[in-house]
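Okay, so here's the structure we're looking at.
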Amino acid sequence: MNKKRGIGFLALSTAMAMSVLAGCNDAGQEQTEVSSAAPKEETITFPIGQQETLKTWIPPYNGLLNKYPDHSNLPIYQELTKRTNIKFQVTTPLAGQTKEQFNLMIASGELPDIIDNKVIDIYYPGGASKAYADGIIISLNDLQEKYAPDLMKLYETYPDIAASMKTDDGLFLAAPRIIGASRTTSGMIIRQDLLDKVGLPVPTTIDEWYTTLTAFKTKLGSTSPLLVRGVDTTAFTATNSFIGAYGISHKYFVEDGVVKYGPADPRYQDYAATMAKWYKEGLIDQEFATMNNKVFDSKAVSDDVGAFYGFAASGIGKYMNLAGPVNPNYKLVATPYPTLQKGGEVRFFHQDKIADSLLYITTKAKNPELAMAFLNYGFTPEGYKLYNFGIEGTSYNWVDGYPKYTDLILKNPDGLSIADSLLMYQRTANNGATVSSPEYLEQMYPLQEQKDALAVWSKFKDKAIGGNDPTLQGKLTAEEASAIGGAQTQIQTYVDEMLTKFIVGQQPVNNETFAAFQKQINSIGLSNVLKTLQAAEDRFKNNNPDFYSQKAVSQPYDMYKDIRK
């Protein structure tokens, strides 16, 4: 039965004022149309009467590039077109060139309607606040009041999520993917079968890692004991996974209430020296600086590689799936984020936030109202099911009230991993604007090694409070972001270049060179950056006194419990 599908299924009560939002919204009971303070002619229902096009820009699904070089042809977008009558024109950069092609897109001024997957906060100097001030993206405050009742209802129910999404001056600049309780889904991965061959346990300290990697090289002839995919201080990589052992982060962090920058900290010298030593002794892949995804994949399943950084799904699941038919002994396990001393603790590691993966509407959007209504779709019960499970009868079926993925996903006939198969049919696997379902996670990690990995990587989870880059919490005002964005970008570029030089030996790591390195960082304007971030951090804590003390208790998927059969 093909009937009108509304973007607002959840009732909004006029009696509940939203203290965390800029205004209030009224709606009736369960319905198939949006009822709001907006005039009736501004209501948008799906499918829309006359087909329109939305242009989106999103990093590529690397595992699907060969089959779907144009991601617009993915089954998920085809299904979305059927349900909404929106045609999706999806632009993806080439594998390994996301940052470069993002910068080219911004420089050209040829912007899509929607920029996906938090790339603004990662790659734009100064983040979303600066992009808003520069006229790249728009505020969603008014639009979501009128065209996103389901998202607004969620913000109303979980004010901590709303607080994490708005800037210090009250702007909502993106729609989120919301995962509920924070979790750690990535970290260092090691070959258990190779550990067994050299008779060593899973390493937990820097010294144990050195012993293990050396054993892989000397006893097994490994040419790439530690597989590394370049240097990038905007994200976690293999090398950045070791920096937490030194008590610092690879970017900005908060320690005892003080905002600091890892590469400008004296402890960074010890970290860089360790990485340089490992590279010189052949423990780090000698081609790490130019590593691309294709080469990484081929090496990861070979016996030349002992360890690498990755995710439970696209790391452990993917490579065990690829290597298994050829090498049945191939086994991957997670390792804890390493410490310096046995039994020590780590504060800085990859951790998904409760509200993550941001989607932005640009100033060039031809129909921002439609774009907002589409971003709301993933928060409706129907959108929640599609974004988490895909197409009923194709990618999942209801089995005793449980949305069970079919063998198309779990045992893909083309040999795709579960992670890559899911990317074809739903959006949660690649951070669509929705709420992540627990049933998705339960089936996303079918291997015991994956389930174990989540616990291993999350060992220090409660120690991570305050360990995230302050600019990613939306604490900066547009003026602050504009003032320091240029310096932050220059600093990051310089640090990435210098860390690569330190590791490969183009620059020795000693007191003299490191002093010059820190002097250059400061000359670019680090002191002003830290001063600005500190002011934003202090202001945020004053305005949200319970934010850091709250544990991740929000379980927003409970709002969708009634859809279960």
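Data table
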item	result
Calculated FRET value between K342 and E442, using beta carbons and R₀ = 45 Å, to 0.05	0.85
Cα-projected label distance for E497 with N293, points at 7 Å along beta-carbon direction, nm	2.7 nm
Residues with amide H under 5 Å from that of M291, placed H, sequence gap 5 or more	G230
Amide hydrogen neighbours beyond the local backbone of T204, cut-off 5 Å, H modeled	W209
Convex hull volume per residue for segment 301-366, taking Cα atoms only, in Å³	198 Å³
Beta bridges per DSSP with both ends in segment 212-314, % antiparallel, nearest 5	50 percent
Under 11 Å, Cβ to Cβ, from G257 - net charge with Lys/Arg +1 and Asp/Glu -1	-2
Cut-off under 5 Å, modelled amide H: who pairs with V435 long-range	I178
Gain on full stretching of the segment that runs from K277 to V202 - 0.36 nm per residue minus C-alpha separation	24.9 nm
Relative contact order (percent, whole number), segment 290-423, Cα cutoff 8 Å, 6+ residue spacing	20 percent
Cα-based reach from K67 at 24 Å (exclusive), listing lysines while leaving out same-chain residues under 8 positions away	K55, K82, K87, K99, K294, K299, K318, K411
Relative contact order (%) - criterion: Cα under 8 Å, at least six apart; region: segment 64-156	13 percent
Full-extension gain in nm, E512 to N85, via 0.36 nm per residue minus C-alpha separation	147.4 nm
Hz values of 3J(HN,Hα) by residue in segment 195-207 - Karplus curve (6.51, -1.76, 1.60), Gly and Pro given as x	4, 4, 5, 8, x, 10, x, 4, x, 10, 10, 4, 5
Separation between Cα centres of segment 489-516 and segment 81-111, rounded to whole Å	33 Å
Within the accessible area of segment 68-160 (1.4 Å probe), percent carbon and sulfur	49 percent
Cα→Cβ-extended label distance, 7 Å offset, between N103 and T211, nm	4.3 nm
Neighbour-limited loop hits for chymotrypsin sites (Phe, Trp or Tyr not before Pro), segment 208-292 (at most 11 other Cβ within 10 Å; DSSP other than H, G, I, E, B)	none
Relative contact order [Cα under 8 Å, 6+ residues apart], segment 129-184, whole percent	37 percent
Under Karplus coefficients 6.51, -1.76 and 1.60, residue-wise ³J(HN,Hα) of segment 410-424 in Hz, glycine/proline x	7, 9, 4, x, 8, x, 6, 5, 4, 4, 5, 5, 5, 4, 6
Spin-label proximity, K67 to segment 422-449 - amide N less than 14 Å from point 7 Å beyond Cα toward beta carbon	422-426
Extended-chain gain in nm, criterion 0.36 nm per residue less alpha-carbon gap, K561 and S527	7.3 nm
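The values are calculated or read from the model by the stated rules, or taken from the named source; none is laboratory data. Everything numeric here is computed off the predicted structure, so don't read it as measured data. A quick note on method: Cβ atoms are made from the backbone with ideal geometry, for glycine too, and the neighbour counts reach across all protein chains shown. Heads up: the accessible areas ignore ligands, DNA and RNA and are worked out on the full protein's heavy atoms, side chains in. Shrake-Rupley method; radii C 1.70, N 1.55, O 1.52, S 1.80 Å.
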